[in-house]
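Working notes, structure below.
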Amino acid sequence: MAFTGSRPAPTHVLAHLSDTHLIAGGGLLGGHIDTEAQLRKALARVESSGERVDALVISGDLADSGDPAAYELLRAIVDPVVTRLGCALVLTGGNHDERRPMARTLHGVDTDAPQDTVTDCDGLRILAIDSAVPGYHHGGFSDDQYDWLAAELATPARHGTILVIHHAPITYRSPVMQLLDFDDVDRLRDVVEGSDVRAVLSGHLHVTSFGTLGPVPVIVAGGVSYVDDVGAPRELLMGVDGPQSWNLVEVHADQVVATVVPIEQHETWPALSEAVTEFMETVPEADRREVFSRKRT
Ligand SMILES: [Fe+2]
Ligand SMILES: [Fe+2]
């Protein structure tokens, strides 16, 4: 008898990474960050987690400056991981990306048009929409993208929909980042309202954050490359080399749960001894809460 959870397992598990800001050729981001090493460390943590990952999601700012070599590097790093995990790969662009080199390398098409994608993960629909506004760092959708989104959402998916949008449609504390946020949250909320969208996965803020778009949770992954120093006064924008992270997003029949996974592997020790785990395996499931939860003192 295995000591499994007392709740049903999630129907789908997503590894949500963001803001890799990849630089090819060994350059350091801001003179501080080895972005290639950061992505490799993040993916190693995804693989070592032992989770059954259905989709690996990277929500934009894939490259730091739209360099074609950075997208080649992304493929070289990510593709073997996706093969080993046997999962889907969902990518979308951010304001640091450039659409043509990204489309060429990641989607095999030579165009400046946004590569918005639909991924069916065994009944869970993942819509990834490029929120970069060409020539700018703030975000938004074109009329065509709003129409595409509305048309997709017109038909519900069996397990609902996850939207992946680089620019988080929430109000972040930084006045500078507010100048670079998603430009028409009201319109996006109107499109999403009444649909089967269960969560929005975003990045751009370089910090783990949570908000809402109407009734829909917005979950922001904290950034693989660097993090915004949230302990600094809000008018400053200070990058920090840590604590980078990704989000383990578990989709259940009745809820979506996100857990922050730090990329850095710190020292660990068994908070629960193996003997306790082995003992719990011998306890009938119906008795486990009483046996494990009751205070002994
Ligand atoms: Fe970014
Ligand atoms: Fe961004």
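Just so you know, all these numbers are worked out from the coordinates, no wet-lab data involved. This is a predicted model, so every value here is computed, not measured. So basically every Cβ, Gly included, is an ideal-geometry build from the backbone, and we count neighbours across all protein chains shown.
At-a-glance table
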| read-out | value |
| --- | --- |
| Shape box of the range 126-217 [Cα atoms, principal axes, largest first, Å] | 38, 26, 19 |
| Contact order normalised by residue count of the chain, Cα under 8 Å, 6+ apart, percent | 19 |
| Rg over Rh, two decimals, the range 242-297 (C-alpha only, Kirkwood Rh) | 1.11 |
| Hz values of 3J(HN,Hα) by residue in the range 40-49 - Karplus curve (6.51, -1.76, 1.60), Gly and Pro given as x | 4, 5, 4, 5, 5, 5, 4, 5, 6, 5 |
| Cα Rg, Dmax (largest Cα-Cα span) when computed across the chain, Å | 20.1, 69 |
| Ratio of Rg to Rh over the range 176-239 (Cα coordinates, Kirkwood Rh, two decimals) | 1.02 |
| D (Stokes-Einstein, µm²/s), Kirkwood Cα radius, the range 204-283, 1.306 mPa s at 10 °C | 102 |
| For the chain, share of DSSP beta bridges that run antiparallel, in % to the nearest 5 | 50 |
| The range 216-277: GluC sites (Glu not before Pro) falling in loop per DSSP and having at most 14 other Cβ within 10 Å | E235, E264, E267 |
| Rg to Rh quotient for the range 29-96, alpha carbon positions, Kirkwood Rh | 0.97 |
| Evaluated over the range 1-136, the Cα radius of gyration and Dmax, each in Å | 16.1, 58 |
| Segment R100-A9, extension gain: residue separation times 0.36 nm, minus the distance between their alpha carbons | 28.7 nm |
| Charge dipole (debye, nearest 20) of the range 12-267; +1 at Cβ of Lys and Arg, -1 at Cβ of Asp and Glu | 460 |
| Principal semi-axes in Å for the range 141-193 [√(5λ), Cα gyration tensor, largest first] | 24, 13, 8 |
| Residues of the range 98-119 with amide N under 12 Å of a point placed 7 Å along Cα→Cβ from R75 | 101-110 |
| Orientation-averaged projected area, Cα convex hull of the range 150-297 (nm²) | 13.5 |
| Charge dipole of the chain about the Cα centre (unit charges at C-beta), most positive-ward option of L73, A44, Q255 | Q255 |
| A286-A271 pseudo-label distance in nm [points 7 Å out on the Cα-to-Cβ vector] | 3.1 |
